[in-house]
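For reference, the structure discussed in these notes is given below.
The values are calculated or read from the model by the stated rules, or taken from the named source; none is laboratory data. Predicted, not measured: the structure shown is a model, and the values here were computed from it. Neighbour counts are summed over all protein chains in view; Cβ atoms, including those assigned to glycine, are modelled from backbone coordinates with ideal geometry.
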């Protein structure tokens with residue numbers, strides 16, 4: 001006696017659902033493959049903490065920082081030795097990052113540095129650093145240079161006052177300590193005064209003895 005094998009009938013709807021699931025799986029696999037191929041390229045082009053090919057060596061003497069036509073900082077004095085970037089911060093505006101090399105998201109400013117003046121306009125805001133002598137005096141026979149500027153608006157509340165500095169990172173958080181002169185310590189000038197003579201020290205007087213008694 002032959003045994004019959006019963007094969008369940010599969011509806012066309014089941015095959016349609018199965019085909020959709022297979023197509024979705026193939027699409028997801030392609031997207032994952034595309035992201036994997038793009039990720040190494042993005043990582044290789046990462047700009048954060050990447051030193052530019054051209055470094056900045058400059059000297060700022062009695063510099064004046066002006067933002068949107070208003071003086072924001074005076075008496076700026078920095079000796080910059082092979083720094084990657086310059087920083088110009090304005091409250092409510094952000095931090096302008098300046099480089100001598102192309103920078104991601106930055107605009108090129110031809111002759112942004114010319115003699116004793118560094119000036120640029122980024123996203124409607126003008127920045128200018130005027131100096132007592134040529135800024136690039138440490139570069140031999142170089143008075144002018146193109147610059148690349150990007151405005152970081154994520155740092156609008158970094159400080160209540162304008163700031164200027166330099167460092168080796170082009171994204172927040174910026175290493176502002178590299179931009180600050182060494183503070184002058186006043187502790188070594190503090191001298192403990194000698195004790196006061198006992199003759200000038202205040203005294204307390206017993207009022208019962210100080211006021212003579214009277215018999216009435």
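For the reader, a short list of remarks on this structure follows.
- Yes/no for residue 43 being modelled with pLDDT under 90, over 22 Å from residue 127 (Cβ atoms) and part of a loop (DSSP other than H, G, I, E, B): no
- Residue in segment 70-80 that is in a loop (DSSP other than H, G, I, E, B), loosely packed, with under 13 Cβ neighbours inside 10 Å and on the phi > 0 side of the Ramachandran plot present: no
- Restricting 199, 179 to residues that are at pLDDT below 70 and more than 21 Å from residue 85 (Cβ to Cβ) narrows the list to 199.
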